[in-house]
Structures are given as C-alpha cells and as structure tokens.
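The values are calculated or read from the model by the stated rules, or taken from the named source; none is laboratory data. Small disclaimer: the values here were computed from a predicted structure and weren't measured. In this analysis, Cβ positions are derived from the backbone assuming ideal geometry, glycine residues included, and neighbour counts consider all displayed protein chains. The protein model used for the area step is the full one, side chains on, heavy atoms only, and it has no ligands, DNA or RNA in it. Shrake-Rupley method; radii C 1.70, N 1.55, O 1.52, S 1.80 Å.
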Amino acid sequence: MLPSELLKKIRRIHIRTSHIANDLFAGHYQSTFKGQGMEFEEVREYQPGDEIRRIDWNVTARQGKPFVKRFREERELTVMVLMDVSGSQEFGTTDQLKRELAAEVAATLAFSAIKNNDKVGLIGFSDRIERYVKPDKGTRHVLRVIRELLTLRATGRGTDIGLALDYLNRVSTRRAVVFVVSDFQAADYERSLRVARRRHDVIPIVLSDPREIELPKARLVDLVDAETGQRMTVDMSSKWFRDEYRRRALAASELREKEFRRMKIDGVELMTGQSFVEPLTKFFRAREARL
C-alpha cells in the first residue's frame, strides 16, 4: 500500500502533466517524432498517378500488367527516459529541486508518448544503474513510471551518463527516442553519447539551477559537494570569485553545447523554478520545421 502523501504527489503530477501533454503539446509530439519507417502492406494494380518506383516488377511480370507495392508508416515508437538520480539532483535554490523538475518533464513526455500509442521505458542512473523499467504502453504503466521517479532513492551519489547510455544500447534492441534528463555534471560520456546517437534519436534535457550559474553577494559560506561530500568555505563577498564562478559555469555550458552541435544533437535547457513548457514547445516546433 502506497503512503497517502505519495499518492497525492502521483495524482498531482498526473493531473498537471497529462493536461500539458494533451492540451499544450497536442500535435507537436506526433509531428516531431516519426515512426520506425515504412512497413509493406499489400500489392495492388497500378493506377494513374502512382509512383513508378513503387512498381513490383516480379508481380507485374507474372500478371502481365503493372502492380505497385503499398506501404504504411510504422507509427509505434519506443521512448526511453534516462533519468539522473544522483546526489546533485537534490539541489535547488528556488521552490523546486532539480529532481522535481526532472520528474515533471519525464511524466509529460511519457503521457505525450502513450497518447500516440508509443511504448515508454525508464532507466534511473547515478554512478550505477539504479532502476530499469521495461518499455510498455498505457496509463497504468506511465503511473508506475511516475511512481518510480518519485520514490527511487539512489545507492550511488555520483553521475555516470556514459554507463547509462551503454546500458541502454544493451537492453534496447530497436531504435528509440531517448531523453537523457540530467544536469550533465559528469565527465567522459561523449564516446557513449556518440555511439548511442548512431542507433537512437538522443535528446539531452539539461537541468540547472540559477545558483549554479550566478552566486549571490554574501560573506563566508560553507559549501558541500552533493556527489563527493567534499566541503569548502568560500568568500562570496569577493566580486572576483563570483565573476570567476560565473565565467567557468558559462564556459562549461558553452563547451557542452558545442559538443552537442558537433554530434548534430538537439538539446533542451531547463531551469528550476521556471516553466518547462515554453522551452519544450520551442524545441518541438524547431524540429517540426526542420522535418
């Protein structure tokens, strides 16, 4: 039996995210993510206007008159959500943690997928694989995914995106749309991302918090690294320190975006305390326009 507080959270996310998926993203998802290709359906007699390249020459030769192949789009997709549940996801200086933002985004994408009869799966990861939920369809399954997002407590504290992508390639036997929801505060994942990109449609959703970019003016402050536990005291009254902190944060973000562009990967940047609807809608529209 689930605790009543957890049931309330699941119900609240269900109502909010299914509304966004049905009302605000309606049409965008299906237009953006196509099926796996064209599947043969039947052979029928040639009609004026049919494409010549669709002629089935073997059947035509047997029948003595032209026949063409008909195909239909294989609509069903597999959507995999790779969810970062490392220690840094528990950070948030607005009224929202990065993990809470990630759960809402993942739930919205999942509801968008099942609305189009697609399968949804989940890989929760830290510096190890924490949870795997096999792709399946239906509202009941998505509610299970949401429950996992809200209740999963990682045994690891670090972040290994490369490990999660390698695991994906082992368990996913067909091409999938893959959302990697993380703050990407990790190293050495580029090779794995490049390999996964060749097999799947990989979309990084990069989470951040305002204080990870700009520090407030203050005095001596004790900081703790959420993943390593390392402690340090910094002087936030120093303008040089605040400027250097901002410069390094922006440089890391620019380097990551440059790497995504090199691999021809579209990323989405989201910030805690801000609506994710507009950035995701902008992403959908940009991909629709390209397609």
Checklist entry - So which pairs qualify, if the first residue must be in segment 236-254 and within 15 Å of PRO210 (Cβ to Cβ), the second must be part of a helix (DSSP H, G or I) and not hydrophobic (A, V, I, L, M, F, W, C), the Cβ gap must be under 8 Å, and the two must be at least 6 apart or on different chains? => result MET236/ARG242; ALA249/GLU212
Checklist entry - Within segment 21-30, can one find any residue that is surrounded by 14 or more Cβ atoms within 10 Å (Cβ to Cβ) and at pLDDT 85 or above? => result no
Checklist entry - Do we find a residue being closer than 18 Å to ILE123 by Cβ, assigned to a strand (DSSP E or B) and touching a residue at least 40 places away in the same chain (Cβ under 8 Å) anywhere in segment 182-190? => result yes
Checklist entry - Given the structure, is ARG140 free of Cβ contacts under 8 Å to residues at least 12 places away in the same chain, open to solvent by 10 Å² or more (accessible area, probe 1.4 Å), over 20 Å from ILE203 (Cβ atoms) and not in a loop (DSSP other than H, G, I, E, B)? => result yes
Next on the checklist: Looking at segment 107-122 only, could you name the residues that are touching a helix residue (DSSP H, G or I) at 6+ places or on another chain (Cβ under 6 Å) and open to solvent by less than 10 Å² (accessible area, probe 1.4 Å)?
Outcome noted: ALA107, THR108, ALA110, SER112, VAL120, LEU122
Next on the checklist: Taking the condition of being assigned to a loop (DSSP other than H, G, I, E, B), without any contact (Cβ under 8 Å) to a residue 60 or more places away in the chain and among the charged types (D, E, K, R), how many residues in segment 226-235 meet it?
Outcome noted: 0
Next on the checklist: Conditions first: (1) part of a strand (DSSP E or B); (2) at pLDDT 90 or above; (3) not β-branched (Val, Ile, Thr). ARG44 passes all but one, so which condition is the exception?
Outcome noted: (2)
Checklist entry - Hey, among GLU100, GLU90, which residue is open to solvent by 10 Å² or more (accessible area, probe 1.4 Å), within 16 Å of the chain's Cα centre (by Cα) and at pLDDT 90 or above? => result GLU100
Checklist entry - Among the residues of segment 224-233, is there at least one that is open to solvent by less than 30 Å² (accessible area, probe 1.4 Å), hydroxyl-bearing (Ser, Thr, Tyr) and on the phi < 0 side of the Ramachandran plot? => result no
Item to check | Test result for LEU223, free of Cβ contacts under 8 Å to residues at least 12 places away in the same chain, not β-branched (Val, Ile, Thr) and not in a loop (DSSP other than H, G, I, E, B) | outcome: yes
Item to check | Selected residue [touching a residue at least 24 places away in the same chain (Cβ under 8 Å), out of contact with any helix residue (DSSP H, G or I) (no Cβ under 6 Å at 6 or more places or on another chain), open to solvent by 50 Å² or more (accessible area, probe 1.4 Å) and within 29 Å of HIS28 (Cα to Cα)] from ARG128, ARG70 | outcome: ARG70
Checklist entry - If you check every pair at least six apart or on different chains, which have Cβ atoms under 9 Å apart with a residue in segment 148-159 that is aromatic (Phe, Trp, Tyr) first and a residue that is open to solvent by less than 30 Å² (accessible area, probe 1.4 Å) and assigned to a loop (DSSP other than H, G, I, E, B) second? => result none
Checklist outcome for this item: From the option list LEU250, LEU207, single residue qualifying as at pLDDT 95 or above and assigned to a helix (DSSP H, G or I) is LEU250
Next on the checklist: Yes or no: segment 143-156 includes at least one residue that is at pLDDT 90 or above, open to solvent by less than 10 Å² (accessible area, probe 1.4 Å) and farther than 19 Å from ILE15 by Cβ.
Outcome noted: yes
Next on the checklist: Could you check segment 112-129 and list, in sequence order, the residues that are among the basic types (Lys, Arg) and either touching a strand residue (DSSP E or B) at 6+ places or on another chain (Cβ under 9 Å) or over 17 Å from HIS14 (Cα atoms) (or both)?
Outcome noted: LYS119, ARG128
Checklist entry - Scanning for something aliphatic (A, V, I, L, M), within 11 Å of VAL81 (Cβ to Cβ) and open to solvent by less than 30 Å² (accessible area, probe 1.4 Å), does segment 182-195 turn up at least one residue? => result no
Next on the checklist: Of the conditions (1) part of a helix (DSSP H, G or I); (2) surrounded by 19 or more Cβ atoms within 10 Å (Cβ to Cβ); (3) at pLDDT 90 or above, THR60 satisfies every one except a single condition; which number is it?
Outcome noted: (2)
